[in-house]
Amino acid sequence: TNKVIQYHSMLIKGKEHCRWIDENYMTMGKAHFYKRDYYAAVVVFEYVVKVFANNPVRYDAFLWLVRSYNQMNSVIKTGPILDLLKHDKNMPRRLIPDYQAVLSDYYLRTEQFKKAEEALLKAVIVTKKKTTRGRYLYILAQLYEEEGNLKKATLYYFRSAKLHPSYEME
């Protein structure tokens with residue numbers, strides 16, 4: 001990604017004229033995130049938000065920015081970003097499941113378990129990918145079990161197992 005950005009970027013008067021540069025920056029930020037270099041990931045995602053303000057990739061960068069801040073236990077910075085995304089009418093529909101999952105993670109880290117359950121339920125409803133939906137159902141079951149509601153926990157564990165998860169998940 002560094003080579004592509006270095007050799008092909010055409011940033012003229014604050015506007016990028018190469019259509020692949022935004023995705024390369026996102027790949028770079030995700031790589032930093034998965035290497036657990038969250039500070040570098042935050043820098044890259046903030047750059048994407050700033051430079052590509054009129055591009056839908058901006059919303060992806062916001063979500064990854066929230067994930068990075070959550071991993072750094074800096075939830076104070078994630079609240080305003082989530083509010084901004086909640087009230088933004090231009091957010092792509094494909095990102096709604098990811099938004100709900102990130103919102104649930106935020107609520108879990110701030111110990112607002114009821115809101116986390118609601119956000120996870122919404123994420124389960126709108127998520128199309130079966131493996132991801134199974135994961136969300138499993139986390140939801142764990143939340144209900146922690147709460148002491150064993151009836152609902154059993155129901156969601158069963159629903160998760162019904163989706164034929166991987167061996168480790170099962």
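The values are calculated or read from the model by the stated rules, or taken from the named source; none is laboratory data. Quick caveat: nothing in here was measured; it's all calculated off a predicted structure. Cβ atoms come from the backbone with ideal geometry, glycine included; neighbour counts cover every protein chain shown. With ligands, DNA and RNA removed, areas are computed over all heavy atoms of the protein, side chains included. Shrake-Rupley method; radii C 1.70, N 1.55, O 1.52, S 1.80 Å.
Structure notes:
- The residue that is surrounded by the fewest Cβ atoms within 10 Å (Cβ to Cβ), among those in segment 146-168 that are charged (D, E, K, R) and farther than 14 Å from Leu121 by Cα, is Glu168.
- All conditions in (1) assigned to a helix (DSSP H, G or I); (2) within 30 Å of Asn55 (Cβ to Cβ); (3) under 15 Å from the mean Cα position of the chain (by Cα) hold for Thr131, with the sole exception of (3).
- Of the helices (runs of 4 or more DSSP H) lying entirely inside segment 1-117, none contains at least 3 residues that are loosely packed, with under 12 Cβ neighbours inside 10 Å and among the hydroxyl-bearing types (Ser, Thr, Tyr).
- When the residues of segment 118-128 are filtered to those that are part of a helix (DSSP H, G or I) and open to solvent by 40 Å² or more (accessible area, probe 1.4 Å), the one that is farthest from Leu143 (Cα to Cα) is Val126.
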